[in-house]
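Visitor: Below: one structure in structure tokens.
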Amino acid sequence: MHLFQYRRDQLFCEDIPVKKIAEEVGTPFYLYSFNTLSNHFKAFDDAFSPIPHITCFSLKSNSNLGILSIFAGLGGGADIMSGGELYRALKAGFSPKKITYAGPGKTTEEIEYALKNDILMFNLESSQEAECINKVAGKLGKKARIAFRVNPDVDPRTHPYISTGLKENKFGINIKKAMEEFKRANAMKNLDVAGVHEHIGSQITKIKPFTDTVKRVKEFIKELKEEGINIRYFDMGGGLGITYKDEKPPHPRELAKAVIPILNDLDCTFIFEPGRVIVGNAGILVSKVLYTKKSGDKNFVIVDAAMNDLIRPSLYGSYQEIIPVLKKRGAGSMVVDVVGPICESGDFLAKKRKVQVLRQGDLIAVMSAGAYGFTMSSNYNSRLRVPEVIVRGEKFCIARKRETYKDLVRGERRLEL
Ligand SMILES: *Cc1c(COP(=O)(O)O)cnc(C)c1O
């Protein structure tokens, strides 16, 4: 459930017409609903209330400080992938005790930064990384809590670019070889081997890949405990999908109902790292039609948002629903390609899409754009990154300003050689 609804043919975000915000901030812009964000977070977190757990929101799906502060305020934790995300997480007010740090290529500087802030746990992906963290922790006189990310070789049945738990993926270590790694790390002086981590992919819309993985990892945790390795955390990653078009993903409650009985007899704190399921449908991208044209038998609608603002359609061929901000009775519909101003044929938001007939100046809403939208945006073609706006009831706040030309060249200089 999200709070972008029509009222008398006008698209509203909570209690404000989207058009009104567009008039005040200009287009394009990302628009988020506060109550949708907090409802989604609570729905997920509450679903797992029967077991000891921490819901660590995955910053890479959306890392706007305004949004993060909502989840921090609800007692959530953060799942980070870089020093930059750690900086954001701390700024947003997350407790370091609820921060997990994933990713296959952490640098020495990043490891040091995280250790100095006493984060909950590093999720490791290689034995060299374990050696590196052991060394840095020794230098700082600290003991680093770590987990290894294991690769259970389960097919999440999602897009190959966002599937991560197969043995051919770069992530984690093969669960069959993982025991050796855990033992080796357990013998290192400055490591506290505290957990097991897995994350099999994103936009997963079935329960079975999750239950298969959980069963597999549970057995492994039991083996680790038998070896005397004191596992206290089972980090199940993220990956629960959302509805972009006609997918019917399980509600977090159904996922919880399926996995909790499996987890019940494990004496662990469970960590979840949801991203998309919390923010995906809580945000839209609002854009304006600049021009329309016909080329051969194709109709193009050229809008002011582009692949640099929302890359999912270009990168994954993803479907993003597009709806008019104002419905016009009797306007009729047409099949169009919705494209941006960038000089790339791959610059499109939708292809062969049936939409209400659009004219110059009309506003459109690209739905389900809250996850992997702004965070994947860039300055390609020297386009300014767009503002992010959060609505709460009848009020809105600009949580990130539109960039300026000055921002574009910050840190650059003309050559003086
Ligand atoms: C991307 C990622 C997540 C979040 O995935 P969603 O599909 O957005 O829920 C969680 N954990 C790890 C390790 C990730 O890489």
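The values are calculated or read from the model by the stated rules, or taken from the named source; none is laboratory data. Quantities reported herein were computed from a predicted structural model and do not represent experimental measurements. We place every Cβ from the backbone using ideal geometry, glycine too, and count neighbours over all the protein chains shown. Heavy atoms of the whole protein, side chains included, go into the accessibility calculation; ligands, DNA and RNA do not. Shrake-Rupley method; radii C 1.70, N 1.55, O 1.52, S 1.80 Å.
Visitor: Which residue pairs have Cβ atoms closer than 7 Å, lie 6 or more positions apart in sequence or on different chains, and pair a first residue in the stretch 90-103 that is open to solvent by 50 Å² or more (accessible area, probe 1.4 Å) with a second residue that is assigned to a strand (DSSP E or B)?
Guide: Filtered contacts from the stretch 90-103: Lys98/Ile54; Lys98/Cys56; Lys98/Gly77; Lys98/Ala78.
Visitor: Something else about it: Mind checking which pairs have a first residue in the stretch 196-222 that is more than 19 Å from Val277 (Cα to Cα) and a second that is open to solvent by less than 20 Å² (accessible area, probe 1.4 Å) and among the aromatic types (Phe, Trp, Tyr), Cβ under 8 Å, 6 or more apart or different chains?
Guide: Sorted first by the residue in the stretch 196-222, then by its partner, the pairs are Val196/Phe148; Val196/Phe220; Val196/Phe234; His197/Phe148; Val217/Phe234; Lys218/Phe234; Ile221/Phe234.
Visitor: State whether one or more residues within the stretch 300-311 are within 16 Å of the ligand (Cβ to nearest atom) and outside any strand (DSSP E or B).
Guide: Yes, that holds for at least one residue.
Visitor: Would you list the strands (runs of 3 or more DSSP E) that sit entirely within the stretch 318-417 and hold 1 or more residues that are open to solvent by 30 Å² or more (accessible area, probe 1.4 Å) and small (Gly, Ala, Ser)? Steps first, please.
Guide: Working: elements: 322-324, 333-339, 348-356, 363-366, 388-392, 395-400.
Filter on the stretch 318-417 gives 333-339, 395-400.
Visitor: Look at the stretch 280-294 and say how many of its residues are within 16 Å of the ligand (Cβ to nearest atom) and open to solvent by less than 20 Å² (accessible area, probe 1.4 Å).
Guide: Number satisfying all stated conditions: 3.
Visitor: For the stretch 66-79: of the residues being within 28 Å of Leu124 (Cβ to Cβ) and open to solvent by 10 Å² or more (accessible area, probe 1.4 Å), which is farthest from the chain's Cα centre (by Cα)?
Guide: Ranking the qualifying residues of the stretch 66-79, first place goes to Gly75.
Visitor: Residues of the stretch 129-150 being closer than 19 Å to Arg232 by Cα and within 16 Å of the ligand (Cβ to nearest atom), which ones?
Guide: Within the stretch 129-150, Ile146, Ala147, Phe148, Arg149, Val150 meet the criteria.
Visitor: Next question. When you check Tyr316 against the structure, is it at pLDDT below 95 and within 16 Å of the ligand (Cβ to nearest atom), yes or no?
Guide: Spelling it out, Tyr316 is indeed at pLDDT below 95 and within 16 Å of the ligand (Cβ to nearest atom).
Visitor: Follow-up question, since we're still on this one. Go through the stretch 177-279 and tell me which helices (runs of 4 or more DSSP H), entirely inside it, have 1 or more residues that are more than 13 Å from the ligand (Cβ to nearest atom).
Guide: 178-186, 208-226, 252-263
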